[in-house]
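We did not get these values from a lab; they are worked out from the coordinates using the rules stated. Only a predicted model underlies this, so the values are computations on that prediction, with no experimental measurement involved. As a convention, Cβ positions derive from the backbone with ideal geometry for all residues, glycine included, and neighbour counts pool all protein chains shown.
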Amino acid sequence: DPSREWSFMASNGHDVGSFNKPTSSATWNVTVPRTGTYRLTVLAGANQAPGQHALFVDGSLSQLIKYSADLGWTYRGTTDVTI
C-alpha cells in the first residue's frame, strides 16, 4: 500500500500524532546494552510550522528536538540527535 510507505519506521506500523498541546506526550521504555552515546532518529512531519519537543532520558530533561517547517503529514523527514 503506497500510503503506508513510512510504516516500516513507525511503532508497530502506527503513527503517533496530534502533538499540538503543551501536555502532549508519548513514552517509550528503551534498554541499551551499555552506557554510552546513542543516535536517536525521529521521523516527523511538523505540518507547515516549526515544531519541537522535549526529550527526557531517565526522567531528566536531555534536550529539545527541533523540526523544520518544511515537513507535513504526507512529506516527512528525519531529525537525528545524540543522546
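Sorted from fewest to most neighbouring beta carbons within 10 Å, what does the list Asp80, Asp58 look like? List each step's numbers first, then the result.
Details: Asp80 9, Asp58 5.
The order, fewest Cβ neighbours first, is Asp58, Asp80.
Working note: Karplus 6.51/-1.76/1.60 with θ = phi - 60° gives the stretch 17-33 the couplings x, 6, 8, 10, 10, x, 8, 5, 7, 8, 10, 10, 8, 10, 10, 10, x Hz, where Gly and Pro are set to x.
The order of Ser18, Ser68, going from fewest to most other C-beta atoms within 10 Å of their C-beta, is Ser18, Ser68.
Arranged from fewest to most other beta-carbon atoms within 10 Å of their beta carbon, Tyr67, Tyr38 become Tyr38, Tyr67.
Put simply, the amide H of Gln63, placed in the peptide plane, has neighbours under 5 Å in Leu55, leaving out anything fewer than 5 places away on its chain.
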